[in-house]
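Working notes for the structure below.
The values are calculated or read from the model by the stated rules, or taken from the named source; none is laboratory data. These figures come from a predicted structure and were not determined experimentally. Cβ atoms come from the backbone with ideal geometry, glycine included; neighbour counts cover every protein chain shown. Quick note on the areas: whole protein, heavy atoms, side chains included, nothing else; ligands and nucleic acids left out. Shrake-Rupley method; radii C 1.70, N 1.55, O 1.52, S 1.80 Å.
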Amino acid sequence: MNPFFDFLLAFIPRAVVQGTPLLYGSVGEILTEKSGNLNLGIPGIMYAGAISSVIGGFFYNQHIVETGGVMSPALAVLIPFLSCLAGSLLMGLLYCFLTVTLRANQNVTGLAMTTFGVGIGNFFGGSLIKLSGSDLPSISLAEISKYFHAPLPFAKDLGWFGELFFSYGFMVYLAIFVAIVASWVLKRTRAGLHLRSVGENPATADAAGISVTRYKYFATCIGSMIAGLGGMYYVLDYASGSWSNNAFGDRGWLAIALVIFAIWRPGLGIPASFLFGGLYILHMYIPTGTNLAVKEIYKMAPYVVTLVVLILTSLRNKRENQPPEHLGLPYFREER
Amino acid sequence: MSKHQPLLHITQRGAIKWYKALLIRVLAFAAALAVCGLLCAMVTWEGGSATAGMTLPERFVAFLRDLCNAIGRIAQVVFNASFKSDRVVWKTMHSTAILLLLSLAVTPAFRMRFWNIGAEGQALMGCLASATCMILLRGSGMPDWLTILVIFLASILAGMIWAVIPAVFKATTRTNETLFTLMMNYIATQLVAFFCVVWENPKGSGQIGVINQSGEFKHFGWLPSISEIFPGVAPSFKGNNYLLNIVIVAVVCVILFFYLSRSKHGFELSVVGRSENTARYLGVKVRWITIRTMMLSGALCGLAGMLLTAGNDHTLNPTLVGGRGFTAVMVSWLAGFNPFVMVFMSFLLSFLSNGASDLATNFGLNASYSDILTGIIIFFIIGSEFFIRYRVHTRSSAESGQEVV
Amino acid sequence: MSETIPAVSLRGITKTFGPVKANDHVDLDVYRGEILALLGENGSGKTTLMNMLSGIYFPDEGTIAIDGRPVVIDSPHTAMQLGIGMIHQHFKLVDVFTAAENVALGMPGKLDLKETARRIREICAQYGFDVDPNQKVYEMSVSEKQTVEIVKVLYRGADILILDEPTAVLTPQEAQKLFNVLHAMRCDGKAIVIITHKMHEVLAISDRVAVLRKGSYVGETRTSQTSVSDMTTRMVGHSVKLDIERKKPKNPEPRIEVSHLSVRSAEGVLKLNDVSFTANSGEILGIAGIAGSGQKELLEAIAGLQRVESGSITYCSPSGAREELIGKSPLEISRLGVGLSFVPEDRLGMGLVGSMSVTDNMMLRTYRSGHTAFTRRRQPRDIAKHVVDDLQVATPSLRTQVQQLSGGNVQKVLVGREITSAPTVLLTAYAVRGLDINSSYVIYDLLNRQKESGVAVIYVGEDLDVLIQLADRILVLCGGEVSGIVKGTKAKKKELGLMMTHVGGERI
């Protein structure tokens, strides 16, 4: 096989695993933005989702160690999964309560959510590290991570093909599935139609008898839970179950950028997030010789590409590609 | 007929008396502190003093005593964190000043309803410009005053450019400014990261370290301290890097207050923010005002960058602004875009974050604890705005006389 | 037809908004298989009445019966279930959705856009509409959007249709098409109400006409048994003596000369067609016309806010210099001394900033004065004090936000501000809209004082009685054309009414 093919074989799987947290984050944010809520708290919510799953996993792990029992695969997956959903749901509810019920400014609330969520993540992360008495500044949930990390059983038998398509943990496939479902819901179902109308023109939706508040709550909370899963994927699969503070980095913001890049379409989000994943690690694969500085310029790529897309969509002015018209604005019926 | 009326009916308030608004805010803040206090007491709890032989009321009293002790301990730590020594007080004042300057910077844009959340990147560009001048101009034989002037202009220009790009796109193609400025932050971060490697010192560290710390170009391009500028007047502030920055920010704060509330520009930009139609009717050039205001916003961010790099830290790294650009957005909004209230808000947030980080070290927690507390306090204050702007009616007699059958 | 039970029967409907009685004990019947024209001037309460039928407002008093059964209509949803559908003047459509998606919005059940599209085509075939279910709304013309609204209502099974001034946004050809559709629906046994103030529409389409005046029900007749002049009399009522003192203009000389002015709206509809007139100093030029006849465009064109297609507007300054206004910015025009006090439908939209104080709103005009970078506070505060005292503006203080004042006081602030900038030309529209009698007289008095001091006043008004007694000359607009210019002293109300509905005032 030629070296370029080898390179692709090494590069693509890494781009996919890098892109998966972004895919979760951006699909969650797309659903949220479709309801007219610009949730800048997504980075915080992803942290909160991640740490919730770690907490769940950590205590299950402790329990197994203390009782000397055998880890049940189902519980090892379910406990972190459900705690992640619960944690990110709480964050979503908090955001909705402030912006929808109390009509607070979405930007300010979102930024505060991010500060808060990252704080929660690092604080509990730090506390757990202390609790585990580890020398390293991280928690390792390697046992649990095994179940998240396990590739599809037939991947090995298929050579490079298996390597490329079946070598990932189940959450990668779940992410793609969620994106497709989200895309289907938005395009094909009545709930999706109503949700889009709420984000575009809440007054019209209201007049048609659609509960603007309920849709905003549901979309934002479900979106938060999906985004939270991205945080969990990062820790329990990508990072092999080891949590260290701030390791997740700025991926949450990248997920928000991805929403623009995917022009608010979850389906388009799938290739886009893998592309972003690739861009994110591109610098490691570009031969720069001794000039390390250039790598930093390559790291700019996802953001620059996003900006270009943002400008192009506003220049082309094609209505389907614009942000939801009422994005970022609170809705108050009597203000009409 | 009751089904025709929702359980709670919300209407927009007209005027609210200033003391009522203040009362609501103070209550919200008190509630936030109470929650934070309890949270702190919980995590720093050192066990109850209740013993087995106590009756229930006695246990309760003991518990209350423990709680008060715990909160007292916490309060002491938090207070000391910002006031325990002269140096700490200066540091607190300085971090307040930097946060304040960034908050002031985003305010003109916000008054125009332009959601600039790119202060982080704009300030970072200011840092980059300062560092660039400090590194490239050394050895040029430039006199100090000229160097400082060049650094000043370069930083301001860099911040301005970073702010004007989104403004131009907003004004011409109505590109969403929130998302645009957000992306600009990360491009700035990477740009700084790039130059950090280019100018790394020592080689291979990937960091810049303190620029012009010693040797031939010792302190080249560093802002002087007050005692160097006025040797006769302020000898006691020798070596105090903070005071000059604080003075500059204070001056900017006063000027900006008058700019926003008393100048023609300030008036124009708030008209544009409140009613674009009326602005056009009066012949105000909306696009130009958008760009001009963002130029100001960016220039102030650039200035903040200069104060950080040339004034205090004398270094450059991608986390130099450290999220303060985002915190500034919250400060500005919480202060109702009033520069003087911002002084208080930025002090409050600096004070809390100092306190929380000391709490964390004293009680073996971690530093992120302060983010949680900041979050909680902001949530309460944001939430309280609702009760200032809206009035909640409960379902009551309002329905009588509407029966039609 | 009168033997049958009415589809809709309103009895004693009353609705008040604050001090204003929008509807006062209105009785109205609508039958199936007929088109009822609801006729009345602006502000006569037509839309309010129909909004109560469609569930947007709730009546204070009175009963509604559908097919003889008393009902309570508490939401648009209930109205829909009762088969009532209203097509509002401002469409409620999501722009980025297709026609089919808009029609499906808010309906229960599984989403099947193909089925929706099929049913839409069915409805279209039945009534001769032309709608592509898969076309996006933002790509549609105004009349297509209106068709979507009608289809939406029919799709929901409405057999009582209310159309609020449906032809206001249509070209004559499109209007004719709409009428054909309405006829088809009438033959299908639907009850149709069309809100209008255009006489020729009433004659062209309706079977019966009901007239409202100032919130009260004036009466109804079969269209075939009435005439334009009869309807006009009912609509405008009899002349009332108001006792506004009108002095003879003192040496009038031309200030604004408008010649062959044509203006097209953004949608391409001709709003002003070859308008020519002269406004003189020291006199009040009244402009009469049914709402939407081009008054707004005329004033905006003079003030530099409207793109002009052709023609010229010349300003003759007291010193004798002549300046072309077209092509000048609003700022340059107001510096020449042309003051515009335009009270738009949503009073605060243009001219005032609702969230600013009375003083700051005064400053909107004066803030550029002075050579420093700073605004002068004293001057606007003095003006505000002056306006508040002079016009008896009811405000708690000068720092009160304008949006917290009542409508009349907002108007006084706006008119007062424009006057204090000492204009040589004062443009004002609907200056007394929504004001009580006393406040109205304050404004009339103010305009008269301006006139006496030599200002050329252009006054767009709704109330013909006022126009006749206040204005020295009255220019009547009809569909964007000058229908005629009449001397105030010689004007007759009925004559004006006819001129408003037909160019030149002849019978149709």
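Side notes on the structure shown:
- With R₀ set to 30 Å, the beta-carbon distance separating B:LYS203 from A:LEU282 gives a calculated FRET efficiency near 0.75.
- Beta bridges per DSSP with both ends in chain C, % antiparallel, nearest 5: 55
- Of the trypsin sites (Lys or Arg not before Pro) found in the stretch C:42-116, those in coil by DSSP whose Cβ has at most 10 other Cβ atoms within 10 Å are C:LYS110.
- Residues whose placed amide H lies under 5 Å from that of C:GLU481, excluding near-sequence neighbours: C:ASN273
- Of the residues in the stretch B:149-184, those shielded by at least 30 Å² of accessible area once partner protein chains are present, compared with the chain alone at a 1.4 Å probe, are B:PHE169, B:THR173, B:THR175, B:ASN176, B:THR178, B:LEU179, B:PHE180, B:LEU182, B:MET183.
- DSSP finds beta bridges in the protein assembly as shown, and of those with both partners inside it, around 60 percent are antiparallel.
- Shielded by partner chains, the stretch A:98-115 residues - at least 40 Å² of accessible area, 1.4 Å probe, vs chain alone: A:LEU98, A:LEU102, A:ARG103, A:ASN105, A:ASN107, A:VAL108, A:LEU111, A:ALA112, A:THR115
- Considering only alpha-carbon pairs that sit under 8 angstrom and 6 or more positions apart, the relative contact order computed for chain A is 35 percent.
- In this structure, C:ALA65 and C:THR14 have a Cβ-Cβ separation that, at R0 = 22 Å, corresponds to a calculated FRET efficiency of about 0.85.
- Summing Cβ point charges (Lys, Arg +1; Asp, Glu -1) relative to the Cα centre of chain A gives a dipole of roughly 800 debye.
- Minimum 10 Å² accessible area buried by the other protein chains, the stretch C:23-59 residues, probe 1.4 Å, relative to alone: C:PHE58, C:PRO59
- Cα shape, the stretch C:162-282, gyration tensor, a/c 1.5 rule: oblate
- Residue-averaged beta-carbon neighbours from other chains (10 angstrom radius) around A:118-126: 6
- Alpha carbon convex hull of chain B, projected area averaged over orientations, nm²: 30.6
- Helix C:172-187 vs. chain C, principal-axis angle (Cα, 0 to 90°, nearest 10): 30
- Of the solvent-accessible surface of the protein assembly as shown, computed with a 1.4 Å probe over protein heavy atoms with every protein chain present, carbon and sulfur atoms account for 59 percent.
- Backbone N within the stretch C:253-268 under 15 Å of label point (7 Å from C:SER317 Cα along the Cβ vector): C:255-256
- Modelled spin-label separation between A:GLU163 and C:HIS386, with each label point placed 7 Å from Cα along the Cα-to-Cβ direction: 8.6 nm.
- Measuring only protein heavy atoms, the 1.4 Å probe finds B:LYS218 accessible over about 120 Å².
- Think of a 1.4 Å ball rolled over the protein heavy atoms: chain A then has 39 Å² of accessible area per residue.
- On Cα atoms only, tilt of C:142-155 relative to the major axis of chain C in degrees: 40
- Here is the interface size for B with A: some 4300 Å² of accessible area buried, both sides summed, with a 1.4 Å probe.
- Of all DSSP beta bridges in the stretch C:8-236, antiparallel share, percent nearest 5: 50
- Between 0 and 90°, nearest 10: helix C:437-452 axis offset from chain C longest Cα axis: 40
- Estimated FRET transfer efficiency when R0 is 30 angstrom, pair A:GLN62-A:ASN246 (beta carbons, to 0.05): 0.80
- Using Cβ point charges alone (K and R +1, D and E -1), the dipole size of the protein assembly as shown about the Cα centre works out to roughly 1700 debye.
- The stretch C:155-232 and the stretch B:252-277 have Cα centres separated by 51 Å.
- The share of C-alpha pairs in the stretch A:98-152 whose separation exceeds 14 Å stands at 70 percent.
- Taking 0.36 nm per residue of separation and subtracting the Cα-Cα distance, full extension of the segment from C:CYS187 to C:SER310 would add 39.8 nm.
- Globularity index of the protein assembly as shown is 1.06 (Cα radius of gyration / 2.2 N^0.38 Å, N = number of residues).
- Taking the Cα centre of the stretch B:86-363 as reference, the dipole from Cβ charges on Lys and Arg (+1) and Asp and Glu (-1) amounts to some 820 debye.
- Pair C:SER259, B:LYS84: separation of 7 Å Cα→Cβ label points (nm): 8.7
- Heavy atoms of chains A and C lose about 1700 Å² of accessible surface on contact, summed over both sides with a 1.4 Å probe.
- For residues of C:101-107, the mean tally of beta carbons on other chains within 10 Å: 6
- Selection among C:PRO70, C:ALA204, C:LEU10 by position relative to the dipole of the stretch C:8-236 gives C:PRO70 as farthest towards the positive end (Cβ unit charges, Cα centre).
- Spin-label pair B:ARG391/B:ALA250, simplified geometry with 7 Å Cα→Cβ offset, distance in nm: 4.3
- Of the complete DSSP H runs in chain A, those spanning 20 angstrom or more by Cα along the long axis with a mean Kyte-Doolittle score not below 1.0 are A:73-96, A:170-188, A:266-285, A:301-316.
- Association of chains C and B removes close to 2700 square angstrom of accessible area from solvent, both sides included, for a probe radius of 1.4 Å.
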